[in-house]
Number of protein chains: 2
Amino acid sequence: MKKYKVAILGATGAVGREMMKILAERSFPVEELHLLASERSAGQKIQWQGQELTVEPACDEAFRGLDIVLGAAENDIAKRFAPAIVKAGAVFVDNSSAFRLDPDVPLVIPEINPEDAKKHKGIIANPNCTTIVSLVAINALNQDSPIESIVASSYQATSGAGAGGPIELMNEVEALREGKSYEPKVFQYQIAYNVIPQIGGEAFEGYTSEEMKMQNEGRKIMHLPELKVSCTCVRVPVVRSHSVSIVVRTKEKISVERARELIAAAPGCRLVDDLKNKKYPMPLDTSDQDTVFVGRIRDDLTSDNGLNIWCCGDQVRKGAATNAVQIAQLLTE
Amino acid sequence: MKKYKVAILGATGAVGREMMKILAERSFPVEELHLLASERSAGQKIQWQGQELTVEPACDEAFRGLDIVLGAAENDIAKRFAPAIVKAGAVFVDNSSAFRLDPDVPLVIPEINPEDAKKHKGIIANPNCTTIVSLVAINALNQDSPIESIVASSYQATSGAGAGGPIELMNEVEALREGKSYEPKVFQYQIAYNVIPQIGGEAFEGYTSEEMKMQNEGRKIMHLPELKVSCTCVRVPVVRSHSVSIVVRTKEKISVERARELIAAAPGCRLVDDLKNKKYPMPLDTSDQDTVFVGRIRDDLTSDNGLNIWCCGDQVRKGAATNAVQIAQLLTE
């Protein structure tokens, strides 16, 4: 079996570390693994699969001879190194939003549009975390009747803001306990015992960048150019796993029973839908897993062709690291 | 000025104690205040307005000679004592859901339908907390063009479950900190660092009782018998103040600018809507107040006549105790 020379760009962050874990878990055929990060992190030793790896400084030369680069860095870093990665002949599977809407770059959720990955020209983009969790949950409906619109309100975990998010939450809880003050750095305001209805800056007519991603990325991933999405993204004091409350409207009516069947059979989904017995997805039950949990499925009471759905998924894994490794796996097929 | 003989039924609970505070704050013309509760709480001494009041056991005889009884007890207690209260000639302003949909009982939010209070036959019902916060936020739109439908997802504080809710949250945080286990009693599951998408039992085709209240009570309060509401109610680890993400559709289009004007001028509302400067309603800023804060107003991207809105309000105060005292104030006019 062919083995691959792989690098993780931004290896020391929350998503980069998760990518290392998932490459191992999925027995990805790694010949060499390079951990690339900023000069500041270079030299760090990290254990992986019984080897001690040394973090290397990211630079144009670092990509020579590589097959796959998993990007776990911010937009500016992704943009900075993409040309060198492509020039080196590696495929850049990038988790930043830098290239997601570029018409030359496929945007892929392997459960939904794996065939798009084949059309890459050196870069494949990994979608936004809330978008991945939501679309994996509802994609099966789209197979039965095209999705026309989505109204979504999210309950996003602090780890969506990187490793510093949960640390800030815990520091605030501790400070409040001791009656001390704590100045938020990661979030706009105190997130402990609060919810913050802003993720990202203003992007379009009062919507934030995060809120527009489900429409813009959803259209591309699902090949639904007319898809309409009204999204409200809210940070909640949860450590891990994003939840989304969704009203999805399809061209033709899909019954609740049929939706349950479709979702139960959909790749990457688990149906947990039994209100009488208090069974529904929750962040605590869905963290550190690759599955999107879906429940509370019921008819939308405001339209003829709508369903009301609740889903949860670990946004560091399925919403980021796992999806990127799954894309890399598509490249090895 | 006429003064009134007032009782609080369920005086020792979270809402009952808040009612005492609000009667004083609003200088309600109280001649006598009686604190009624279970036998178990009877005999407790509570300070109010410089007097020491003794909690009395609730019994049919306790209502004789009273003018107004503010109900802060559960449905079964409200049903148990309503006949005796009415027979005694007092008006029962009841915060339970026992009588809300009774056609003989007005259901009143003083900012919206004060005139309905006059039609009472001895009982006036106080609406559900999330319903009050949401309807106060959007009622001004209904004055411009009738509201046809609402899609709502709530972020409900632990104090909505009574005084035990925030105590359980804090006990869980403490137990987790010490690596101990804690058995949830108030909520179905651990609420610390979690969100729970169930409030109330199943009531209608997969919707919970709490979720159906906004449609059933909203129709009655707003005199919109055709109003359609799809609601998802979610408990979040917040101490106080419910938040609601709302898509509201009106018969004719209301522009974002006009909606801001209407809401800024609406009684009981404060417009806090400046995303660029990170200004929007949050639970931490809106607790211990009677105002419903409204922001993030933008066009619904999935319909021609919709608006996307975010609101927060203290559900113990405006969502319960304050609204009840405001109804009592209507009775004194």
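The values are calculated or read from the model by the stated rules, or taken from the named source; none is laboratory data. Everything quoted here is computed from the prediction, not taken from an experiment. Don't worry about glycine lacking a Cβ; one is built from the backbone with ideal geometry, like all the others, and counts go over all protein chains shown.
For B:Ser154, the criteria (1) outside any strand (DSSP E or B); (2) within 13 Å of another protein chain (Cβ to nearest Cβ) hold in every case but one, which is (1).
The single condition among (1) buried (at least 24 other Cβ atoms within 10 Å of the Cβ); (2) more than 9 Å from chain A (Cβ to nearest Cβ) that B:Asp288 does not satisfy is (1).
For B:Gly165, indicate whether it is in contact with a strand residue (DSSP E or B) (Cβ under 9 Å, 6 or more places away or on another chain), over 30 Å from B:Ala117 (Cβ atoms) and of a type outside the set (S, T, N, Q). Answer is no for this residue. If the condition is being crowded, with 24+ Cβ neighbours inside 10 Å and without any contact (Cβ under 8 Å) to a residue 12 or more places away in the chain, then the stretch B:297-333 contributes no residue at all. Applying the criterion of being outside any helix (DSSP H, G or I) and among the β-branched types (Val, Ile, Thr) to the residues of the stretch A:270-324, the residue that is farthest from B:Gly201 (Cα to Cα) is A:Val316.
When we screen B:Ile199, B:Ile191 for residues that are part of a loop (DSSP other than H, G, I, E, B), within 19 Å of the chain's Cα centre (by Cα) and on the phi < 0 side of the Ramachandran plot, the only hit is B:Ile199. The set of residues from the stretch B:158-188 being part of a loop (DSSP other than H, G, I, E, B) and touching a helix residue (DSSP H, G or I) at 6+ places or on another chain (Cβ under 6 Å) comprises B:Gly162, B:Ala163, B:Tyr182, B:Val186.
In the stretch A:185-205, the residue that is farthest from the other protein chains (Cβ to nearest Cβ) out of those that are surrounded by fewer than 15 Cβ atoms within 10 Å (Cβ to Cβ) and more than 18 Å from B:Ser245 (Cβ to Cβ) is A:Lys185.
Note on the stretch B:41-149: enclosed helices (runs of 4 or more DSSP H) holding 3 or more residues that are within 19 Å of the chain's Cα centre (by Cα) and closer than 30 Å to A:Gly306 by Cβ are B:129-144. Any residue in the stretch A:154-177 that's touching a residue at least 60 places away in the same chain (Cβ under 8 Å) and assigned by TED's automatic domain parsing to the domain that holds A:Gln188: show its pairings with residues that are β-branched (Val, Ile, Thr) and part of a helix (DSSP H, G or I) at Cβ separation under 7 Å, as long as the two are six or more apart or on different chains. Within 7 Å, the pairs are A:Ser154/A:Thr130; A:Gln156/A:Thr130; A:Pro166/A:Thr158; A:Leu169/A:Thr158. The residue pairs whose first member lies in the stretch B:53-72 and is in contact (Cβ under 8 Å) with a residue 40 or more places away in the chain, whose second member is basic (Lys, Arg), and whose beta carbons are closer than 7 Å, counting only pairs six or more residues apart or on different chains, are B:Gly65/B:Lys5; B:Leu66/B:Lys5; B:Asp67/B:Lys5. Kindly establish whether B:Glu210 is charged (D, E, K, R), buried (at least 24 other Cβ atoms within 10 Å of the Cβ) and in contact (Cβ under 8 Å) with a residue 24 or more places away in the chain. Yes; evaluated as a whole, the condition is true for this residue.
Out of all the residues in the stretch A:247-267, is one or more outside any strand (DSSP E or B), under 30 Å from B:Met282 (Cα atoms), within 13 Å of chain B (Cβ to nearest Cβ) and in contact with a Leu (Cβ under 9 Å, 6 or more places away or on another chain)? Checked the stretch A:247-267: no residue is outside any strand (DSSP E or B), under 30 Å from B:Met282 (Cα atoms), within 13 Å of chain B (Cβ to nearest Cβ) and in contact with a Leu (Cβ under 9 Å, 6 or more places away or on another chain). On inspection, B:Glu205 passes the criterion of being free of Cβ contacts under 8 Å to residues at least 24 places away in the same chain, over 13 Å from B:Cys312 (Cβ atoms) and among the charged types (D, E, K, R). In the set A:Val256, A:Val244, A:Val294, only one residue is surrounded by fewer than 24 Cβ atoms within 10 Å (Cβ to Cβ) and β-branched (Val, Ile, Thr); that residue is A:Val256.
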